[in-house]
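These notes are about the structure you will find just below.
The values are calculated or read from the model by the stated rules, or taken from the named source; none is laboratory data. Bear in mind that the values here come from a model prediction, so they are computed numbers and not experimental data. Note that we place each Cβ from the backbone using ideal geometry, even for glycine, and neighbour counts take in every protein chain shown.
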Amino acid sequence: MTRTLLVGSNDRWLEQMTCILELHGMRVDWWWPTPTRLGDIPPGCEAVVVATDNCSHKLSKPAMERARKAGVPLICGPHRKATMSPLLAKQGFPITPPPLFGEPTLGTTVALATTPTAMLRDILADTTPLPPPSPDFLEAIAMPIPVPAPKPAFPHPDAVDRLSPTARKDYTRILPLVAATPWATAAEISKVTGIPSNVLFRPIRCAREACGITPGVGSGANRITDRPRYEKACAFLNVPAMTEDIGPTRPPGSAHTRNGGDRKQPGRIVTAPPTPKPAPPVAAPPVQAPVEAAPPAPAPAPVAAPPQGDPAKDTLEALRLLLEAMRAEGVEQVTVNDDGKVNIRRRVIVTGTLTL
């Protein structure tokens, strides 16, 4: 695959341009979507593609100048396949045919062609009659031969048919990993297999759908939402199935970290944080008249101590401490769900001065 730098495009059209380039044997390893991502031509870059229908002049002109200066082939075209494919073929990147699956085995014409001619002549010239079959052999062939039940087909999702040949090969490679480790993130699978994370999101999405796994959002945990489908996939792939349905939670941002968690790894697409703008000067607040302090909250009513040996003693004590802390912080209501989510409602007093 030709390592390619894509200039322009956006998140919605990136997949369309990536599919067109993959048909011509080109893989997007770097992406400059905006002028803030401009830089030097990366080492190892073999081609630069500029998406002319979604690229500003502030981005396209410097990128083309740097490509010409580095001596890297430059192709400029739109996201439309009927227009972009002839441009790529004209620049020396023809459509790459999909690889053939399987290899010839014994008994095929290729295997027969490699057999020595003398051996074939001896086999064809041998006309010695075969000996009569023995009674044991006749009895053995008279018995019914058990036919094994056909192996059930793997439940591939329909989205697999829409993958490119390269993406389908990556899908076949990561499918056993997803079934054996349903809690693994895309960054971890990319680090283990060596497949770039920017081309892994479509194969891993199809693999999780095939195994009945729903990925978590943000730092949420992955879940096995279709247990029969997951166990069927594990049995077909001959991998042990997980007994739990919910995986562990992840640190914030770990599921979306590219390059296997290394943000400084060269030769990969790294999303840099936007440069913070300086805050505007804040005018000094007007002098406010002193506001009368709110009356202190009434002291909590004494709670009768539970009898000795009562199991609710610790609970009542914890609730009493929580109530005192809520009154001190102005909290009116605290709700705790079974999954550990806490909702807090706080009372805030806002004072100000108006001029009529």
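Below are the figures for this structure:
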{"item": "Qualifying positions in the range 45-88 - over 16 Å from residue 20 (Cα atoms), part of a helix (DSSP H, G or I) and out of contact with any Ser or Thr (no Cβ under 8 Å at 6 or more places or on another chain)", "result": "57, 58, 61, 62, 63, 64, 65, 66, 67, 68, 69, 70"}
{"item": "Among the candidates 300, 286, residue that is at pLDDT below 75, surrounded by fewer than 10 Cβ atoms within 10 Å (Cβ to Cβ) and not aromatic (Phe, Trp, Tyr)", "result": "286"}
{"item": "In the range 181-220, the residues that are among the aliphatic types (A, V, I, L, M) and surrounded by fewer than 17 Cβ atoms within 10 Å (Cβ to Cβ)", "result": "192, 217"}
{"item": "Counted residues, the range 173-212 - those being more than 24 Å from residue 228 (Cα to Cα), free of Cβ contacts under 8 Å to residues at least 60 places away in the same chain and not in a helix (DSSP H, G or I)", "result": "3"}
{"item": "Count of the range 163-172 residues which are polar (S, T, N, Q) and either free of Cβ contacts under 8 Å to residues at least 40 places away in the same chain or in contact with a Pro (Cβ under 7 Å, 6 or more places away or on another chain) (or both)", "result": "1"}
